[in-house]
Amino acid sequence: KRETIAGYAALAPVIPVVTVDDPDRAVALARTLVEAGLPVVEITLRTSSALRCIEAVAREVPEAVLAAGTVIRPKQIEEAADAGARFLVSPGTSPRMAEALAEAALPAMPACATVSEALHLFELGFDLLKFFPAGSSGGAAWLRAVAAPVPEVRFCPTGGLDGTSAPDYLACPNVACVGGSWMIPKDALASGDWARIGTLAREAAALRR
Ligand code: 3PG
């Protein structure tokens, strides 16, 4: 599972974080992101139809490497797997959730916001962690500060990033990739402006690690 998730993180510099409530829209959006060079896509379990959106994208856009995000309850692990997600992302990880993710069949990228949380997750076998919410938990300075004391762990900082701040995060030695929703402006998603989202996604895909 460790190698699988590291392989996914290596596919693109940015994991777009998608919150969408319509399966057709989710499919069109996932196609746009994949075609723009962002093949790893996280769909958050934050809408009542999120699982149906994951199912639709898994079926219609099989080239997307699909994550279920905002996984915060153990029962969502199986639901996400059944819907066709290939990995799991949490925004924070309670002890019970951390153990459930460690035992899950699917690989997971659980989140931490502190060194103690990172070490707890590392003890459970996770060495690629989401750092969330990155922007308000110390940002790139936090990542640089933990690189020496926590050398085995790599991070995917997410939360509050945009095209301007992402390069600084990607320059950190312990950052595998970054996550964010900045390439999917709410109004562009609502109006189905795939051209605008495609342009922003291509810019994100061109960022260098
Ligand atoms: C997440 O769940 O990872 C965040 O909602 C993404 O953060 P952003 O919207 O600030 O990019």
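Each reported figure results from applying straightforward, stated rules to the coordinates on display, with no laboratory input. This is a predicted model, so every value here is computed, not measured. Ideal geometry is used to build each Cβ from the backbone, glycine not excepted, and the neighbour counts take in all protein chains shown.
Size of the chain along its principal axes in angstrom, Cα-based, largest extent first?
Ordered largest first, the chain gives principal extents of 45, 37, 26 Å.
With label points built 7 Å along Cα→Cβ from the Cα atoms of residue 148 and residue 11, find their separation and express it in nm.
Calculated label separation equals 3.6 nm.
Can you give the convex hull volume of the alpha carbon atoms of segment 101-209 per residue, in Å³?
Once divided by residue count, the hull of segment 101-209 is 111 Å³.
Sorted by mean Cβ packing within 10 Å, highest first, what order do the peptides 60-66, 15-21, 174-180, 144-150 take?
So the peptides 60-66, 15-21, 174-180, 144-150, ranked by packing, come out 174-180, 15-21, 60-66, 144-150.
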